[in-house]
Amino acid sequence: MTGPGPLRVVIADDQPVVRAGFAAILDAQPDIEVRGEAADGREAVEVARRVRPDVVLMDVRMPVLDGIAATTALAGPGVTDPLRVLILTTFDLDEHVHDALRAGASGFLLKDASRGQLVDAVRTVARGDALLAPSVTRRLLDRLAPPTPTARVDEVLRDLTEREREVLLAMARGRTNGEIAAELHLGESTVKTHVNRVFAKLGLRDRVQAVILAYDLGLVQPGD
């Protein structure tokens, strides 16, 4: 949940022209405010921890500390009150995006995205939705290393109802709320309620984490 007032954003990229361009676009929106910038990963962590933005735009390749390590520090496993991180990359699913998503990022955005795509991406991640298209979810699964389950499925999912398990599986396969509603013959508002309950019961932040958890538990596999 975001607080009152405009969405606060921190931009981390080692190219000043990229930071300036993104800042100009975002600051032009009435509901978004750029509250900090960083030229390397270490500075990104320091600025983000100080500002506590709603979204951090994080470049993958930066000096001193790369974007993956910085994302892990801000949103990774074990981080108390993690921030939402949106990874910036030059290439669709470049070799580091998978690692960044594993590190806790809520999605990724190409640097050549349109003005509208950038603004929509920030708003999407700020409200807690993962920025990960179904087609990208499938390719992400195909790139994940084989799972090494550390607990039985029933143990991890013991608090979920049967319907919530169905919703988790559908999310893991990249389905949108609308698609889940159609598949399970439910209203979209009901699906959203189930999704939020799954997140709360399993301690998940977004759909990306749901995909990874489902894969780690063997609920879905590459090529499903």
Matching option when the condition is within 17 Å of Ala23 (Cα to Cα), without any contact (Cβ under 8 Å) to a residue 40 or more places away in the chain and surrounded by 19 or more Cβ atoms within 10 Å (Cβ to Cβ), among Ala103, Ala38, Ala73, Ala113: Ala38
Residue tally, condition crowded, with 18+ Cβ neighbours inside 10 Å and more than 17 Å from the chain's Cα centre (by Cα), over the stretch 46-64: 2
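If you take the residues of the stretch 167-224 that are assigned to a helix (DSSP H, G or I) and of a type in the set (Lys, Arg), which of them is farthest from Pro77 (Cα to Cα)?
Restricting to residues being assigned to a helix (DSSP H, G or I) and of a type in the set (Lys, Arg), the top hit is Lys192.
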Single unsatisfied condition, Asp81 versus (1) buried (at least 22 other Cβ atoms within 10 Å of the Cβ); (2) at positive phi; (3) of a type in the set (D, E, K, R): (1)
Pick from the stretch 1-35, criterion surrounded by fewer than 17 Cβ atoms within 10 Å (Cβ to Cβ) and among the charged types (D, E, K, R), ranking: farthest from Ile87 (Cα to Cα): Asp31
Residue under evaluation Ala20, criteria (1) touching a Leu at 6+ places or on another chain (Cβ under 7 Å); (2) without any contact (Cβ under 8 Å) to a residue 24 or more places away in the chain, criterion not met: (1)
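Rundown of residues vs (1) outside the structural domain of Ala103 (by TED's automatic domain parsing); (2) within 24 Å of Thr124 (Cα to Cα); (3) at pLDDT 85 or above, yes/no style:
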| position | (1), (2), (3) |
| --- | --- |
| Thr137 | yes, yes, no |
| Asp142 | yes, no, no |
| Leu160 | yes, no, yes |
| Arg175 | yes, yes, no |
| Glu179 | yes, yes, yes |
| Thr193 | yes, yes, yes |
| Lys201 | yes, yes, yes |
Strands (runs of 3 or more DSSP E) enclosed by the stretch 1-119 - at least 2 residues per element that are touching a strand residue (DSSP E or B) at 6+ places or on another chain (Cβ under 7 Å) and over 17 Å from Val208 (Cα atoms): 7-12, 32-38
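How many of the residues in the stretch 69-86 are of a type in the set (S, T, N, Q) and modelled with pLDDT of 90 or more?
Final tally of qualifying residues: 2.
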Cβ pairs under 9 Å, 6+ apart, first in the stretch 169-191 and on the phi > 0 side of the Ramachandran plot, second assigned to a helix (DSSP H, G or I) and loosely packed, with under 15 Cβ neighbours inside 10 Å: Gly174/Pro134; Gly174/Ser135
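The values are calculated or read from the model by the stated rules, or taken from the named source; none is laboratory data. Remember, predicted model here, so these are calculated numbers, not experimental data. All Cβ positions, even for glycine, are placed from backbone atoms using ideal geometry, and neighbour counts span all protein chains on display.
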